[in-house]
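Computed from the coordinates by the stated procedures, all read-outs in this text should not be read as laboratory data. Since this is a predicted model, take the numbers as computed values, not measurements.
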Amino acid sequence: MLLQLLVNGIIMGAIYSLVSLGFALVYNTTRIFHIAYAGIYMFSAYMILSFYKYLQFPLFLSYLLAIILAIILSILIEKIVYLPLVNKKSSLNVLLISSIGVMIVIVNSIAMLYGNETKIINPNISKSVQLGALL
């Protein structure tokens, strides 16, 4: 049990570090704190869920398609939201607020399509443990 908790902690730490590296990479190159990046990250996970669980695609193909769709979504956000604001010489605060707006749109669109409950891609590897009346 302790070993499983340790492995889960290492995996979650690795995921958090990759996300934070993405934030740092975007911020250091553009000087824009791209909060919508979190929405794109979430969008990718739901695309993997859709392709693998619902459409029964192989896992590798599901990952590949999710990456391609995340790239397309990122380009669309850049062209539709950020580029017009940069061309108008908007302040960084305006870009930050527009990034928050984009994230809100992505998160709520996914919530409308998939619901707000937790989704599990493969329930066989995600067994839960009941601790008395806690779960």
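Observations, loosely collected:
- Helix-derived mean residue ellipticity, 222 nm - over the chain, DSSP H n ≥ 4, -39500 (n - 2.57), to 500: -22500 deg cm²/dmol
- Under 16 Å between alpha carbons - lysine pairs in the chain that sit 8 or more apart or on different chains: 4
- Cα gyration tensor shape for segment 1-77, rounded if a/c is under 1.5, else prolate or oblate: oblate
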